[in-house]
1. Can you name every residue in region 321-363 that is in contact (Cβ under 8 Å) with a residue 24 or more places away in the chain, open to solvent by 40 Å² or more (accessible area, probe 1.4 Å) and among the aromatic types (Phe, Trp, Tyr)?
2. Inspect all residues belonging to region 360-380 and state whether any of them is part of a helix (DSSP H, G or I) and either within 30 Å of His248 (Cα to Cα) or basic (Lys, Arg) (or both).
3. Across region 248-263, what is the number of residues that are of a type in the set (Asp, Glu) and open to solvent by 50 Å² or more (accessible area, probe 1.4 Å)?
4. Which of the residues spanning region 236-275 are over 28 Å from Val159 (Cα atoms), in contact (Cβ under 8 Å) with a residue 12 or more places away in the chain, assigned to a helix (DSSP H, G or I) and not hydroxyl-bearing (Ser, Thr, Tyr)?
5. Given the residues Arg134, Arg147, which is the only one that is over 20 Å from Ser351 (Cα atoms), open to solvent by 10 Å² or more (accessible area, probe 1.4 Å), touching a residue at least 40 places away in the same chain (Cβ under 8 Å) and not in a loop (DSSP other than H, G, I, E, B)?
6. Restricting the search to region 169-199, which residues are under 30 Å from Ala338 (Cα atoms) and either in contact with a Ser or Thr (Cβ under 8 Å, 6 or more places away or on another chain) or surrounded by fewer than 22 Cβ atoms within 10 Å (Cβ to Cβ) (or both)?
Amino acid sequence: MVRPILDRFFVLLALVILRAFFRAVEVAGRERIPKGRPVLIVANHFNGFVDPVILVHVFGRVPRFLAKSTLWNVRIARPLYALAGMVPVHRPEDRRDRESNESAFAAAHRVMLRRGHVAIFPEGTTHDVPALARIRTGAARIALGARAAGAEQLVIVPVGLAFDDKLALRSRVLARVGAPIDLDTEFETFVARGEPEGEDNEAAVRRLTTEIEARLREVSPEYRDAREARVLARAAEIAHRTGLRRHHAQVPLAEQEPLAQRLAYAPPAARQELTDALARYHLDLDLLGLRDHQLVPGYTPRQLLADFLWTAAVVALLAPLWIPGFLLNFVPYQVVSAAGRATRNPVMKGSVRFFVALAAFPLVWTAVIVTSDVDGWLPTLGLVVLLPLSGIVAVGVLERIVRAFRAWRGWQALRDRRALLGDLLEERRRLVTAVEDAAAQVPPGVERRPSARAGQATG
């Protein structure tokens, strides 16, 4: 009875955290998630404890996460792990006395026998390389073991997580749900006739691990390094922005990321040409003090006036909510931001912000509730809901104000430099052409470029 209540709480908490941390959370392929069936979720792991929060939001429930046992060395976090139902898994490099994972795997099997969800990051740890790391065999062993234990209609669902800028607060994230592996339908693909069906079948484990990696690679970012990821994402964003109609509209990551990934497989000469074109275009933009979103699709007086009036209306109508929200949440938000800046390891920034937010915001909210004159459980519950809600509204309103101000400044800049825009637009056209040419040189259905670590399954 307690577990469902905790799960609903964590689903709501995940939504609040994501609304605070990200400007947008896009989900592509959600219709691929099966209903009423046991599910093993496998996902890439680029952003520490932020990744599980995203998966909770994507699936609308709390899977039982299997995580590396070394996380339990942080004693202060153990109560949170217990509340979330996390299960420790011992990796080969972590074992001191060769602890067995039998209990962890058995716990996962019990969940799937009840048609529940289990989640695992098969890379084994979080990392900062924008490519899928070596896939371990744990996910395949769990799936085969659960099926042998009697879990029917088991489905393995791959999820690729891509971040616009995982180091920044209020960036964007894309979760892409890949093609599921229906273990009943595809069982003979992995387990040959006459072979044992459980997790001890090493050949079946290797075959299923290879398939899990292939499906996860289809939806996960795969770049040579962080620089290539940023360059190609920027080029893809500019190419897609050409079709936008409103100056404040953003290119959806669901459109930007597949194009950027496709560009990564273009011939080296084509990639170099678009990189050079991007560098020239950005240099020209900087010399004129402009940004691409100011240049295209551009501004019209009618749009600017409409946005200004709408922003003014939002600011006025929501003032009773966003002003207190700003005042009450300003300090903990700054604490979270400072904690992120103080963390030098890029891999840990998201996790540090997550844990600091879990401490700072509830601490301030509790102090407000305790010192308030509110009496009765119902008004107190209303205040509990209002405090985080007002903070989220405050962030949205303030971002709208900043956007309106920047739009006005952008229109002024374009008006003052109108005589110089011809060459700049021509440079932009060359860049978009370079992107289109590079993408056209990638054969349709091209397989993902294997990384240096691909295909090396370990336990």
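The values are calculated or read from the model by the stated rules, or taken from the named source; none is laboratory data. Quick caveat, the model's predicted, so the values are computed rather than measured. Cβ coordinates were reconstructed from backbone atoms using ideal geometry, including for glycine residues, and neighbour counts include every protein chain displayed. Each accessible area value is taken on the protein alone, full model and side chains, heavy atoms only, with ligands, DNA and RNA left out. Shrake-Rupley method; radii C 1.70, N 1.55, O 1.52, S 1.80 Å.
1. Phe326, Tyr333, Phe355
2. No: region 360-380 contains no residue that is part of a helix (DSSP H, G or I) and either within 30 Å of His248 (Cα to Cα) or basic (Lys, Arg) (or both).
3. 1
4. Within region 236-275, Ala270, Glu273, Leu274 qualify.
5. Arg147 is the lone residue from the list that is over 20 Å from Ser351 (Cα atoms), open to solvent by 10 Å² or more (accessible area, probe 1.4 Å), touching a residue at least 40 places away in the same chain (Cβ under 8 Å) and not in a loop (DSSP other than H, G, I, E, B).
6. Leu169, Arg170, Ser171, Arg172 - these are the residues of region 169-199 that are under 30 Å from Ala338 (Cα atoms) and either in contact with a Ser or Thr (Cβ under 8 Å, 6 or more places away or on another chain) or surrounded by fewer than 22 Cβ atoms within 10 Å (Cβ to Cβ) (or both).
Quick grid of which residues meet (1) in contact with a Leu (Cβ under 9 Å, 6 or more places away or on another chain); (2) surrounded by fewer than 14 Cβ atoms within 10 Å (Cβ to Cβ):
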| residue | (1), (2) |
| --- | --- |
| Tyr265 | no, no |
| Ala270 | yes, no |
| Leu295 | yes, no |
| Thr300 | no, yes |
| Val315 | no, no |
| Ala319 | no, yes |
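Each row is one residue, and each column tells you yes or no for (1) at pLDDT below 95; (2) assigned to a helix (DSSP H, G or I).
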residue: Ala277; (1), (2): no, yes
residue: Leu287; (1), (2): yes, yes
residue: Tyr299; (1), (2): yes, no
residue: Gln303; (1), (2): yes, yes
residue: Ala306; (1), (2): yes, yes
residue: Ala312; (1), (2): no, yes
residue: Val315; (1), (2): no, yes
residue: Trp322; (1), (2): no, yes
